[in-house]
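A.B. asks: I have a structure here, written as C-alpha cells, and I will follow up with some questions on it.
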Amino acid sequence: MSLKHLIPAILSVSMAAAQKPPVPKTADGKPDMSGIWQGGGAAGLAFAIGADNAKAARPDAAPAQAGRGGGAQPAPYQDWVLPKLKELRDRRLIDDPSGRCLLVGVPRITSMPLPIKIVQTKDEVIFLYETFHAFRVIPTDGRKHPDDIDPSFMGDSVGHWEGDTLVVDVTGFNDKTWLGVGGASLHSDALHVVERYQRVDYDTITYNVFIEDPKVFTKSFNTAPSFLSLRPGERLREYECIADNQDIRRFEELLKTPALFVRPPQ
Amino acid sequence: MRGSFFLAAVLAAAPAFAHHSFAAEYDGDKPITLKGVVSKVEWENPHMHFYLDVTDEKGKVEEWKFEGFPPNMLVRQGWRRDVTLKVGDTVTVFAWRARNGMNLAHSREITMADGKKILSGPPAGTGGGN
C-alpha cells in the first residue's frame, strides 16, 4: 500500500476508534459489562451470525473460518487419560454430552454460537446463556463458595474485581462435561477454572481462562486468549434443545452398527 | 511422540462451536449437491431440517432430508421463517452425506432459484473432524 493510501486508511481506523463510545461504568465505578454478547472470538462471531455479518459488525475482528480450527496447544494430559481420549475420538465424538443437550460447563459455555446476556449489579454478575438456557449468578460481594456444594455441570462460581477485571473462580464441577477447549477434553471433579473478564473497549470483553485439574493434567495451563463481542440490538431467544433433538435417536441407531462411524485404525 | 501428535490433533480439530459432533453422523469426504423442490421445512431446535423432492434422470422422485443450523443462528444470519425457504421453492443444496447411507445429509449452502446463495449449516468437520 502506498503512503497516499496508507494515511487515509490510518485516519479512517483511528476515527472509527474515536467514535466508539467509552466503556460504561456502574455507580460504584466498575466497568459495566451489562449487555448481550457473543463469545468465541472472531471465529465464534463468524459462526454465530455468518462471516459477512461478522465482518460488517466488527471490521477489526477479521472473522476466521470457523470449522476445522487449528493452532490450539495440546493440554497437558496425564498419560492414563490419553487412551480414553483416543477411544472417544475413534468414536467420532458421538459421546459428546452436548449432543444430548446437557449443560456444557465452564469455559465451554462461553464459546457456544449463541449469545450471552450479562446483567451486572452491585453485588452480583448474572450470566444468562441462550445455549441450553444455562445461567450463572456470580456473587462479587465477598461471598465464598458454599461449603455444601453438590458437584454440578456448571460448577459453583464466585467473583471479585481486580481493578477493571472481573475474576471468577469456578469449582464444584461433576465429571460429566467436556472442557471444550478442543475435542474430547475430559476432566475430573477436581476441575478448577479461573476466568478473567475485562471490558477493554465498548464492544469487547477479553476472556482469559486458567485451568487446573490434578487428577487429569500434569500441570495447570491457560487456554488461548479469546474475547466476547457486544451484540447491539440482539435479544435472547428460546433454545429448547430436547424436544426435536433427532440426533439422540440417530446416535442410538449408529451405535447399533459401529462400523458406520468408528474411525479406521491409524 | 505419536501420543503427542495425536493429542495435538484432538485439541486442534474441534472448536467448541457445535451442538454435537458433525463427524458422528456425517461424512466430510462425501459431499453431494442436489437440486430439488422443497417439500417440508422443520423450523425446530436444536437444528432445522428440510426436505427436497429430487427427480433423477429417469424421472423417479426421491425424498432427501437435510440438517442445518439452529433456527436462532439462521435468523441471525438473515433467514426469515416461512420466507427464506418455502415449500415449493426449487433450490440446489450443497451438503455432506450421512454415514448410514440414507437419503440424509448435512447442508452447508443453499442456492436459490434466482442464484442467490445462503449458508444453511456449519462446515464439515465441525466438532470432531472427519
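The values are calculated or read from the model by the stated rules, or taken from the named source; none is laboratory data. Given the structure is predicted, the values throughout are model-derived calculations rather than measurements. Here the Cβ positions follow ideal geometry from the backbone for every residue, glycine too, while neighbour counts run over all protein chains shown.
A.B. asks: Filter region A:19-32 for residues that are outside any strand (DSSP E or B) and out of contact with any Ser or Thr (no Cβ under 9 Å at 6 or more places or on another chain) and give the result. Spell out how you get there, then give the answer.
C.D. replies: Residues of region A:19-32 that are outside any strand (DSSP E or B), as a first pass: A:19-24, A:26-30, A:32.
Correct list: A:GLN19, A:LYS20, A:PRO21, A:PRO22, A:VAL23, A:ALA27, A:ASP28, A:GLY29.
A.B. asks: Take A:ILE138 and tell me if it is among the hydrophobic types (A, V, I, L, M, F, W, C), part of a loop (DSSP other than H, G, I, E, B) and more than 20 Å from A:TYR239 (Cβ to Cβ).
C.D. replies: no
A.B. asks: Oh, and also: Do we have any residue at all in region A:64-78 that's over 19 Å from the mean Cα position of the chain (by Cα) and at pLDDT below 90?
C.D. replies: Looking for residues that are over 19 Å from the mean Cα position of the chain (by Cα) and at pLDDT below 90, one finds none in region A:64-78, hence no.
A.B. asks: With the structure loaded, tell me whether B:THR33 is hydroxyl-bearing (Ser, Thr, Tyr), assigned to a loop (DSSP other than H, G, I, E, B) and either on the phi > 0 side of the Ramachandran plot or surrounded by fewer than 22 Cβ atoms within 10 Å (Cβ to Cβ) (or both) or whether it fails that test.
C.D. replies: In short, no.
A.B. asks: Oh, and also: Residues in region B:34-69 that are touching a residue at least 60 places away in the same chain (Cβ under 8 Å) and over 11 Å from the mean Cα position of the chain (by Cα): how many?
C.D. replies: Adding up the residues that qualify gives 1.
A.B. asks: Right, another one. Can you confirm whether A:ASP147 is out of contact with any Leu (no Cβ under 7 Å at 6 or more places or on another chain) and within 14 Å of another protein chain (Cβ to nearest Cβ)?
C.D. replies: When the stated conditions are applied, A:ASP147 does not pass them.
A.B. asks: Test A:LEU128 against the criterion of being in contact (Cβ under 8 Å) with a residue 40 or more places away in the chain and in a loop (DSSP other than H, G, I, E, B), and give yes or no.
C.D. replies: So A:LEU128 fails the test.
A.B. asks: Every residue in region B:83-99 that is part of a strand (DSSP E or B) and closer than 17 Å to B:GLY121 by Cβ, please.
C.D. replies: Matches in region B:83-99: B:VAL91, B:THR92, B:VAL93, B:PHE94, B:ALA95, B:TRP96, B:ARG97, B:ALA98.
A.B. asks: Could you please let me know if A:TYR129 is surrounded by 21 or more Cβ atoms within 10 Å (Cβ to Cβ) and in contact with a helix residue (DSSP H, G or I) (Cβ under 7 Å, 6 or more places away or on another chain)?
C.D. replies: Criteria met by A:TYR129.
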